[in-house]
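Accompanying notes for the structure given below.
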Amino acid sequence: MASLGGRYFCTAGRGLEPFLAREVRARLGAAEVDCVSGKVFFSTEAEPGELRKLKAGERLFLLLKKRPPLAVSRDKGKMLHEIKSLVIEEPKYWLDVISIWRNFHGCEGKKDDVSQENRLPLKRKSEETNTATKRQKTEQVRETVSEECQVEAGERCVVPERKSSRDCQTESKTSLEDPSKSSGEEPVKNEQLSFSFRVSCRCSGAIAKVLPSQETGRAIGIALMKQCGWRADLREPDLEVIFVHLNDIHSVVGIPLFRLPLANREYIKTAGLRSTIAWAMASLAEISAGAFVLDPMCGLGTILLEAAKEWPEACYWGADISDSQLEGADVNIRTAGLMDKIELLKASVKALPLPSESFDAVILDIPFGKKFKITKDIQLLPDILQETERVLRVGGTIVLLLSQDLHKRMDGITKCAENDSPNAVSDGASETTTAKALNVDGNSSSSVNGVQESLLSSRQMPFGSLVPDGVYGVSLGRTDAFIHKYRKISSSAGNW
């Protein structure tokens, strides 16, 4: 089957844009990659099945329009007219778009049939029947880290009511009964009339101060109803969402290619850490074939699952002190079919029953938040680092996910507070900071954030053989976090 080449954009959590930009190049051979806050634009000839494999992104869209930001004025009518011009096209244009969209879903085949799983992300919770799956989907929606990838407070998928269409001041009087009149394309009339849709609009920046998202989306929806003769349907539209985002950077129109976000992993029964964050952490760990990888605070095993799915030729071990967490991890591992890849054991991260220098990579998310005692975690941080250093082989990597408080504590421990600002990645501002660090198909580079080995050696941590190798600021939704990477350059000389 021929590839469906096209221009796309994928939303990403804050701080993950460079990871996603690198991934689309490595995995899809993408060109024209443009990395901005919350989104990555790219072109590719990849098949639908390959597009679905993206791990660092939230939602994937077929890009229809990308234009400069709209000029903001006090004349709301004029602004609405300009906004509607983004979507008002001859009916044949939209039929061509719909044809591409349908062909795309036809290429996917029936295996995922995600149309049965999804309505809006906010609606999914009530449609799931399995309790564990409910928890996963709900948490994944709550923890959506991108400003653009999910519907936020005050932003709704807008379905204009037909009876109120006459009230829109700037609408033309095109008849719904004859949508193809202006184009003269009578053969497509029936399909236009039978097609349903819904609009998701997000306005941010200066334009949001003049036009709220709901009002803008409503105007766009009414315009499409009049122009194309479509009908609005919030619950079960034929076209899932026409996505419109207007901000100070650009004006974007697209349609989602999958009904569920890419971040919803079908192989994870019960969600723990956000899957995109877990994958990004694993991508920094330089996992190669035959490597031994440890998560000493594995929880439900999300990091191990993401790593084992992406780099299946390695051997994975997970440890946790909680029986319930290990039980959940075991269920997830069985659901993912990774029983032969991941071993679990009950152990404290402060005293792992494992030989010294036996692992090539250690990846861990030190729990934090309302459910955990942050003060206690801060006190335990030196013990955790010392034990993970002990089991790590020379040349190996440690990747940590830390809260803001633990991040500050780490700066104090390493006496490298002055490097906090230049190393941190925020809002996807720099792709180069992670471009060298990621390699989907193999090892990572030995230099991260442009830090050379000589500089790393001069910044050796006071507790032993670990040297900093990069810090990445990311968002977990309602809170920010930092991914720290360290490299072990020599055998541990002793404890601190």
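The values are calculated or read from the model by the stated rules, or taken from the named source; none is laboratory data. Keep in mind that this is a model prediction, so the values were computed, not measured. Reconstructed Cβ throughout: ideal geometry from the backbone, glycine too, with neighbour counts over all protein chains shown. Keep in mind that these areas ignore ligands, DNA and RNA; they rest on the heavy atoms of the full protein, side chains included. Shrake-Rupley method; radii C 1.70, N 1.55, O 1.52, S 1.80 Å.
What ranking of 297, 339 comes out by heavy-atom accessible area, probe 1.4 Å, highest first? All intermediate terms of the calculation are to be shown ahead of the outcome.
Working: 297 40, 339 95 Å².
Descending order: 339, 297.
Taking the Cα centre of the range 210-340 as origin, work out the dipole magnitude from +1 charges on Lys and Arg Cβ and -1 charges on Asp and Glu Cβ, in debye rounded to 20.
It comes to approximately 660 debye.
Can you pull the percent of the range 285-344's accessible area that's carbon plus sulfur, 1.4 Å probe, other chains left in place?
51
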